[in-house]
Amino acid sequence: MPVVPGGKGNFRISHRFAGNLRNGSFGQQAENLFGLDLGAIIGFEYRYGVTSRLQAVAFRTNYDKTIQFHAQYDVLRQGGARPLS
């Protein structure tokens, strides 16, 4: 996930096709244009940097219409000697 600086915000829109390519035969998948004709799940996310390491997040999709709240805290930061964060 992107690092949001403290005191700044970030808005994202996500898009996922609703079809499952594991269900049905190849012909059935081709009829539905491999999930493109089955609609999409759209997600809206707002991420706010409380501090340089702490982010608060609100997320909602049109699928279940519930709002999810969560937070992310970066214990380790990626750098020259540390390839992971």
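The table below gives the values:
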{"item": "Yes/no for residue 4 being surrounded by 13 or more Cβ atoms within 10 Å (Cβ to Cβ), over 14 Å from the mean Cα position of the chain (by Cα) and hydrophobic (A, V, I, L, M, F, W, C)", "result": "yes"}
{"item": "Test: residue 72 is of a type outside the set (A, V, I, L, M, F, W, C), surrounded by 12 or more Cβ atoms within 10 Å (Cβ to Cβ) and in contact with a helix residue (DSSP H, G or I) (Cβ under 9 Å, 6 or more places away or on another chain)", "result": "no"}
{"item": "Subset of the stretch 7-34 that is of a type in the set (Gly, Ala, Ser) and under 19 Å from the mean Cα position of the chain (by Cα) - its residue that is farthest from residue 77 (Cα to Cα)", "result": "19"}
{"item": "Qualifying residue in the stretch 48-68 (condition: hydrophobic (A, V, I, L, M, F, W, C) and open to solvent by 90 Å² or more (accessible area, probe 1.4 Å))", "result": "yes"}
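The values are calculated or read from the model by the stated rules, or taken from the named source; none is laboratory data. The structure displayed is predicted, hence computed values, not measured ones. In this analysis, Cβ positions are derived from the backbone assuming ideal geometry, glycine residues included, and neighbour counts consider all displayed protein chains. The protein model used for the area step is the full one, side chains on, heavy atoms only, and it has no ligands, DNA or RNA in it. Shrake-Rupley method; radii C 1.70, N 1.55, O 1.52, S 1.80 Å.
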